[in-house]
Each structure stands twice: as structure tokens, then as C-alpha cells.
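The values are calculated or read from the model by the stated rules, or taken from the named source; none is laboratory data. Just so it is clear, the structure is predicted and the values come from calculations on it, not from any experiment. Positions of Cβ are backbone-derived with ideal geometry, glycine not excepted, and every protein chain shown enters the neighbour counts.
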Amino acid sequence: MNVNPDKVCNFDCPYCQVDRTVPPRDKAVDFDIMVAEIDGLLAMAASGAIWQHPKFADTPEQYRRVNDIAFAGDGEPTTYARLGEAIREVKRLREKHGLAEAKIIVLTNALLLNRPEVMEALSELRHGPYEIWAKLDAGTQEYFEFIAGRKLSLQRVVDNIAQAGKQLELTIQSLFPTVDGNDPGEDEYAAYAGRINEITAAGANLRLLQLYTTARRPAQDRIGMIDDARMDEIGAFIASKVDVPVEVYYGRHWDSAD
């Protein structure tokens, strides 16, 4: 669910696929239309009608399910003032259509997790399957400023994740690209692992670290994709230094994905 068609984001990541040089087509979410669209899609999924659509007709039988309903899109979902209300509506529709096992996922860069109104909105996720994917792409302040595209405090993000993780279970999502052909390097990965340990030492409940690399056309040409073997090495290195499960996801070149 794209609750940021206006492309509003408080980060400007060089790997982001959203082209902010192009003005947005829509600048506001029509809440009622959004809810109606989700209602219709879930009805199609529950009845099986969605698998007759040309885009989904070749879906293998084992994948014919609603795995999750995600709040993501062209910006930072926690900047959306009606996020809590939207989550409540999705929970209602999930029950209405008998899809109680479908997770609700919220992706966030964690910058606003220190705001009470944001945590109040996210608390609507309770009492049903959910995941919050909090972004942490760096271990050092210098690299964080580059990868976030802003002069922001990495410690603030780390503290936000630590505090939010005491209230709700979090998944950490981390994207490691190449920059001018080079990946961030072991010093950065070691610092990243140190930040994860800082978060867990504070009492945060971290479900998983998702480590991945570039798979969509990035905003900057100097950004590239780490190969599969190197991603496995990075995953093993970080896993050896933290007490949180680690999963590695491979990239794909965007020219083949477009």
C-alpha cells in the first residue's frame, strides 16, 4: 500500500528506485478509495478470482496465497498521518475476507520511531500477525550520512530502534550495495554488527536481520549490486558477531528485472 504517492521521504538513499526528479502524479492519498481497493483485492484473493487475472494466472499452486499486506511505496510510511487508521482498516478487511493469517508489514527507516504518535499507530498491529521492517544500513556515522543521503544522526536511529523494539517485535532490514564497484567492507560490517548488539543489549526484541543488496534501478549510477557469493560471506561474517538470526537475499540486475 503506497501511502506516500507524494514521494515524501526524510531519507534520500542513493540506491532508492524512486525518481524524485519526476513530480508525483498524485500528491495525496484518497483514504476511502484506498480502503475500497484493498477490500476488492482481498475479496478476489479470498474467492480465487485473482488467479484468473493474466498477471497471476501462471502463479504456481504453492504460491497462491496472500502472504502479507505491506505499507511501503514511494516514501516513508510513518510520515502518513492516518497510518494507524489505515492499519485498523486492513485488520478489519483481513478478518472480513477470512485471511487472518496474512501478515501486515510496515516498512520504515526508523527515523520517526521516537514519536509517540508513530508508535501509537504501529501499536495497532498487535493482536494479529505483523512485522515491522526497520531499516539499518550502516554502522558508522560517515557511511550512514552517505547511504541515507542526509546529515542525520545514526545514533538517533539506533536509539529509536532500541526503544521501539521494547514495545513491538522488529525485523532489521539492511541493504548493502556497491559504490563505484566496492562494497562497504568488513570494518563497516563489524561496526554494523556492533550497532545490532547495542540494540539487543538495550532489550529490543529483534526477530531477524534481513541482509540484501541492490535489485532495482538505483537513483545514482555509481550504485551497484553485490554478487551472491560475496553476500553469503557478508552474511556469515555478521552472523558470527550477533545473536540474532540472519537471512541473506540476493540481488538481480535491474536491466533484467525491468
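The table for this structure:
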| item | result |
| --- | --- |
| Any hit, the stretch 135-148, residues being modelled with pLDDT of 95 or more and among the aliphatic types (A, V, I, L, M) | yes |
| Single condition residue 20 does not satisfy, out of (1) under 15 Å from the mean Cα position of the chain (by Cα); (2) modelled with pLDDT under 95; (3) of a type in the set (Lys, Arg) | (1) |
| Qualifying position, being under 26 Å from residue 88 (Cβ atoms), among the β-branched types (Val, Ile, Thr), modelled with pLDDT of 95 or more and surrounded by 15 or more Cβ atoms within 10 Å (Cβ to Cβ), among 3, 35, 29 | 35 |
| Residue check for residue 86: under 18 Å from the mean Cα position of the chain (by Cα), in a loop (DSSP other than H, G, I, E, B) and surrounded by 22 or more Cβ atoms within 10 Å (Cβ to Cβ) | no |
| Residue 68 vs. criteria modelled with pLDDT under 95, of a type outside the set (S, T, N, Q) and under 29 Å from residue 12 (Cα atoms) | no |
| Verdict on residue 75 being of a type outside the set (A, V, I, L, M) and either in contact (Cβ under 8 Å) with a residue 12 or more places away in the chain or part of a loop (DSSP other than H, G, I, E, B) (or both) | yes |
| Single residue of 144, 56 found to be surrounded by fewer than 21 Cβ atoms within 10 Å (Cβ to Cβ) and over 16 Å from residue 39 (Cα atoms) | 56 |
| Single condition residue 113 does not satisfy, out of (1) farther than 26 Å from residue 2 by Cα; (2) part of a loop (DSSP other than H, G, I, E, B) | (1) |
| Residue pairs meeting the criteria (Cβ under 6 Å; at least 6 apart or on separate chains; first in contact (Cβ under 8 Å) with a residue 24 or more places away in the chain and in a strand (DSSP E or B), in the stretch 124-143; second crowded, with 16+ Cβ neighbours inside 10 Å and β-branched (Val, Ile, Thr)) | 130/104; 131/105; 131/171; 132/106; 133/171; 134/108; 134/161; 134/172 |
| Which listed residue, of 136, 112, is closer than 22 Å to residue 203 by Cα and in contact with a Lys or Arg (Cβ under 8 Å, 6 or more places away or on another chain) | 136 |
